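One structure is given below, encoded as structure tokens.
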Amino acid sequence: RNQQTPDYLRGLNEEQREAVLSTDGPLLVLAGAGTGKTRVLTTRIAHILTTKRAWPSEILSVTFTNKAAREMKERIGHLVGAGVEGMPWLGTFHSIGARILRRHAELVDLKSDFTILDTDDQIRLIKQLLDAENIDEKRWPARQLAGMMDTWKNRGLGPEDVSPADSGSYANGRGARLYAAYQNRLKVLNAADFGDLLLLNIKIFKEYPDVLAYYHGKFKYMLVDEYQDSNVAQYLWLRLLAQGKPASQANICVVGDDDQSIYGWRGAEVDNILRFEKDFPGAKVIKLERNYRSTSNILKAASTLIAFNEGRLGKTLQTDVGETGEPVSVTSVWDSEEEARTVGDEIENYQRQGETLNSMAILVRASFQMREFEERFITLGLNYRVIGGPRFYERKEIRDAIAYLRVVANPSDGLSFERIVNTPKRGLGDSTVQMLHNTSRSANVSLLAATRMLLETEELKPKQRSTLRELVSQFDNWSSRLQSLPHYELAEQILDESGYTAMWQADKSPDSPGRLENLKELVRSMEEFETLGGFLEHISLVMDRDTAEAEDAVSIMTLHSAKGLEFDTVFLPGWEEGLFPSQRTMDESGRAGLEEERRLAYVGITRARKRARLSVAQNRRIHGLWQSAIPSRFLDELPPEAVDVKDTGSSYGGYGYGGGATSRFNKADPFESVYETPGWQRARAQQSNRKGGGPLTIEGDLVARSVDLGGDRSAFGIGER
Ligand code: ATP
Ligand code: MG
């Protein structure tokens, strides 16, 4: 009998096998991290195909990211071999929604080649609408309306479903009407935004039963991964598609883990899991309890932590890895720089032991934390890739800020000037910029010089002339201040005085607080350089570097984008109150927010197969001031028996006594560190190698002591005499 078991079923445990074989009727697989939920989905598709229950094109499978979709395609390819033609409809809700919408675009007054708007286009469009309605954008920011419309769309609400009362105070209750106007504009432009991809599907399914019936006939099997993070619109969409059969016979399989629901802030509803059994009566529920990913120490840490949450469905989780493994380590470091240095050293160590960079990841809570790691890896020459977003210096707000600084350092940098001449918006249109260009070309001078020339003529309209005059004099002023102010202070002033910081402060979109943090981090990073020129030089070199996809590289990403993935070694930096759990989430959503943060911590730890290495910095620089950080409450919630707490205390990062000195790595000379006390007296340590050691040069009225820590580590202490 065993001989008849197909290959793909071997190696599955009993529950997994049952989940794969229960092809007909609704099925909910509810299970903790690493129990093989995704593996069950993939194997199920293989099973449906090899037993010829359906053709590939008759299977609809929803993944959470495009990356997951690609991986799943690959896995299915392996499992099924070359025998089966075509591929299932496999992708994210958005990508599948877009594919369906293109087929029936005309039913909602679009053409099949409609454009999918990105956020920038969307905002520009909303601003035009606000302008047309005489609504003051400063008072009622476009991004706020974008956020409201996004929420409505996530809830499956079209313009006809919202009333003025739903718009709250926005533009005195005109939000709902603007929503309708916005949707009309999109039709004229033959465009859809992200939220429309599903919303318009739903509209079509509801209004055109024949179209829905076609998909009922087409999709014989439906599968959904990461179901705990589906929102209302996604849920409605799935339910409509599953209605081809009586609910109790629908071939729909969803897998999820309530403990990994981390997108509540984007409208995901973990209740969708609970609703499943009600909507699909008689649904089979299978729980998987064996974890094949992590060692028992890692699992124990994660399970103990998540048990502090109250609203849970409750599941048991046991490791099947059969190894206690290394304890989860918690390292206390002096600051984020030492954190990055420690992580870099550990990565190099593992690498020497034969481990690949691909098997390691750094998962951060907030994207600004990435910079320090990126810098360190560049210094070390370690390959890295940033997943789910641009590298730090490629982010829009960073590029804008750098453009300002470049013009100050080099007034003839026309590209940079052009980038920010109308950012923030100063009411200078394309035609004005064109005029500047023409003058610059004909007079063969820089854009800024051309601007000066034009200011002497009558060619500019009065308003634009005064705007440009103001901008030019600001740049003159900044350039002159460069002599008298530290460049990082000047940078902060430039961002304030130009209105750039205010632009993001006024911005109500969910990503603007992150952008403001990135800007602060940029200013902070400038302090490590002697001059503005030195800093900009460094940036050019950093931006020039690129890691090819195929190369062996450490992954850096946010915890949110790590869902579903796994790595041998996972570094989890920044476990400090306010950062993780995030103060913002707790302020906005209170206890529920804290629980969502804790689930994020659970997701983070359970990404690790062999090692989870947490760190906490004792000091963070916030708003240009060093602040003592309080270790995250999540650290207290870890089981002591599975955790190893280390304090690098006075490691080679430098420590202070008396004065509380801090250390900085000198980027220009990797073998030199600069130590500073709060009074800005400096000590330089020439190091014989990266790990410290070597003579100390003391400037100012300071005493220093070098301590040998054994191995190749040493520490420097600096204090005032
Ligand atoms: P998450 O909740 O993090 O998304 P998951 O439940 O989807 O996790 P998978 O990613 O499917 O879990 O599986 C975790 C790891 O365990 C994978 O490497 C997978 O190949 C492996 N695995 C799953 N089931 C088995 C099994 N029966 N025997 C051996 N390895 C398994
Ligand atoms: Mg999974």
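Looking at the square roots a ≥ b ≥ c of the eigenvalues of the Cα gyration tensor of region 40-185, which shape do they give, rounded for a/c under 1.5, prolate if a/b is larger than b/c, or oblate?
prolate
Taking a virtual spin label 7 Å from the Cα of T115 along the C-beta vector, which residues in region 193-217 bring their backbone nitrogen under 18 Å of it?
Once the point is set 7 Å along Cα→Cβ of T115, 193-197 turn out to lie under 18 Å by backbone N, inside region 193-217.
Given R₀ = 60 Å, what would the calculated FRET efficiency be for R312 paired with N190, taking r from the Cβ atoms and rounding to 0.05?
About 0.85, to the nearest 0.05.
Relative contact order, percent, of region 152-219 when contacts are C-alpha pairs under 8 Å separated by at least 6 residues?
The value is 26 percent.
Across the Cα atoms of region 359-427, what radius of gyration and what greatest pairwise Cα-Cα distance (Dmax) are found, in Å?
According to the Cα coordinates of region 359-427, Rg and Dmax are 15.3, 50 Å.
Just the number, please: percent antiparallel of the DSSP beta bridges in the chain, rounded to the nearest 5.
So the antiparallel bridges amount to about 35 percent of the total.
Using a 7 Å offset from the Cα along the Cα-to-Cβ direction at both S95 and D131, what is the distance between the two label points in nm, to one decimal?
3.6
Which listed residue (A366, N410, Q351) has the Cα farthest towards the positive end of the charge dipole for region 344-457, taking +1 on Lys and Arg C-beta and -1 on Asp and Glu C-beta about the Cα centre?
Most positive-ward Cα: N410.
Would you compute the Debye intensity of region 161-268 from its alpha-carbon atoms alone, equal scatterers and no solvent, and pass along log10 I(q)/I(0) at q = 0.11, 0.12 Å⁻¹ to two decimals?
With no solvent term, the Cα-only Debye profile gives -0.49, -0.58.
With label points built 7 Å along Cα→Cβ from the Cα atoms of R481 and Q493, find their separation and express it in nm.
0.4
Spin-label point model (7 Å from Cα, Cβ direction): what's the D587 to S163 distance in nm?
Taking the simple label geometry, D587 and S163 are separated by 3.4 nm.
Give, in nm to one decimal, the length gained when the segment between E456 and S628 is fully stretched (0.36 nm per residue of separation minus the Cα-Cα distance).
Taking E456 through S628 to full extension adds about 56.6 nm, to one decimal.
When the C-alpha atoms of region 248-353 are aligned to their principal axes, what extent does each axis show, in angstrom, from largest down?
56, 35, 26
Which length gain, in nm to one decimal place, applies between R399 and Y208 when the Cα-Cα distance is subtracted from 0.36 nm times their residue separation?
Stretched out fully, the R399 to Y208 stretch lengthens by 64.1 nm.
Can you tell me, using C-alpha contacts under 8 Å and at least 6 residues apart, the relative contact order of region 381-520 as a whole percent?
Rounded, it is 23 percent for region 381-520.
So if we plug the beta-carbon distance of E530 and K508 into 1/(1 + (r/R0)^6) with R0 = 22 Å, what FRET efficiency do we get, rounded to 0.05?
According to the calculation, E is roughly 0.05.
Check R385: other-chain or 5+ apart residues with amide H under 5 Å from its amide H, H built from backbone geometry?
Counting only residues 5 or more places away or on other chains, the set is V554, S555, I556.
Which semi-axis lengths, in whole Å and largest first, follow from the square roots of five times the eigenvalues of the Cα gyration tensor of region 472-517?
Ellipsoid half-lengths, sorted descending, are 25, 12, 5 Å.
Across the Cα atoms of region 11-94, what radius of gyration and what greatest pairwise Cα-Cα distance (Dmax) are found, in Å?
When restricted to Cα atoms, region 11-94 yields Rg and Dmax of 12.4, 34 Å.
If you average the sequence gap of Cα pairs under 8 Å that are 6 or more apart and divide by the length of the chain, what percent do you get for the contact order?
Reported as a whole number, the value is 15 percent.
Can you give the Rg/Rh ratio of the chain, where Rg is from the C-alpha atoms and Rh is the Kirkwood radius?
1.00
Please work out the FRET efficiency for the pair Q4 and D24, using the Cβ-Cβ distance as r and a Förster radius of 30 Å; give the result to the nearest 0.05.
Taking R0 as 30 Å, the efficiency between Q4 and D24 is 0.90.
Quick one: putting +1 on the C-beta of Lys and Arg, -1 on the C-beta of Asp and Glu, what dipole do you get for the chain around its Cα centre, in Debye to the nearest 20?
Charge dipole of the chain: 1780 debye, to the nearest 20.
Please compute the length gained on full extension between S473 and D430, using 0.36 nm multiplied by the number of residues separating them and subtracting their Cα-Cα distance.
Taking S473 through D430 to full extension adds about 13.3 nm, to one decimal.
Filter K245/K315; K187/K278; K153/K396 down to the pairs with a C-alpha to C-alpha distance above 29 Å, please.
K245/K315; K187/K278
Tell me the mean residue ellipticity at 222 nm calculated for the chain from its helices only (DSSP H runs of n ≥ 4, each -39500 (n - 2.57), averaged over every residue, nearest 500).
Taking each H run of at least 4 residues, the total per residue is -13500 deg cm²/dmol.
Taking every eigenvalue of the Cα gyration tensor of region 95-145, multiplying by 5 and rooting it, what semi-axes result, largest first, whole Å?
29, 12, 8
Show the residues, 5+ positions off or on another chain, whose built amide H is closer than 5 Å to the amide H of R293.
Residues meeting the amide H criterion: D320.
Is the shape of region 195-256 best called rounded, prolate or oblate, per the rule: a/c under 1.5 gives rounded, else a/b larger than b/c gives prolate, else oblate, with a ≥ b ≥ c the square roots of the Cα gyration tensor eigenvalues?
It is oblate, given that a/c is not under 1.5 and a/b is not larger than b/c.
Could you tell me which of V328, G574, G86 has its Cα farthest along the dipole of the chain towards the positive end, charges placed at Cβ (Lys, Arg +1; Asp, Glu -1), taken about the Cα centre?
G86
For region 299-445, just run the numbers: alpha carbon Rg, then divide by 2.2 N^0.38 Å, N being how many residues it has.
Region 299-445 yields a ratio of 1.65.
Enumerate the calculated ³J(HN,Hα) couplings along region 588-604 in order (Karplus 6.51 cos²θ - 1.76 cosθ + 1.60, θ = phi - 60°), each rounded to whole Hz, writing x wherever the residue is Gly or Pro.
Computed from phi, the couplings for region 588-604 are 7, 10, x, 4, 4, x, 4, 5, 5, 4, 5, 5, 5, 5, 5, 4, x Hz.
If we restrict to alpha carbons, what Rg and Dmax does region 416-460 come to, in Å?
According to the Cα coordinates of region 416-460, Rg and Dmax are 10.0, 28 Å.
Every number in this text was worked out from the coordinates using simple rules, so none of it is lab data. Owing to the predicted nature of the structure, the values given are computational and were not obtained by experimental measurement. Ideal geometry is used to build each Cβ from the backbone, glycine not excepted, and the neighbour counts take in all protein chains shown.
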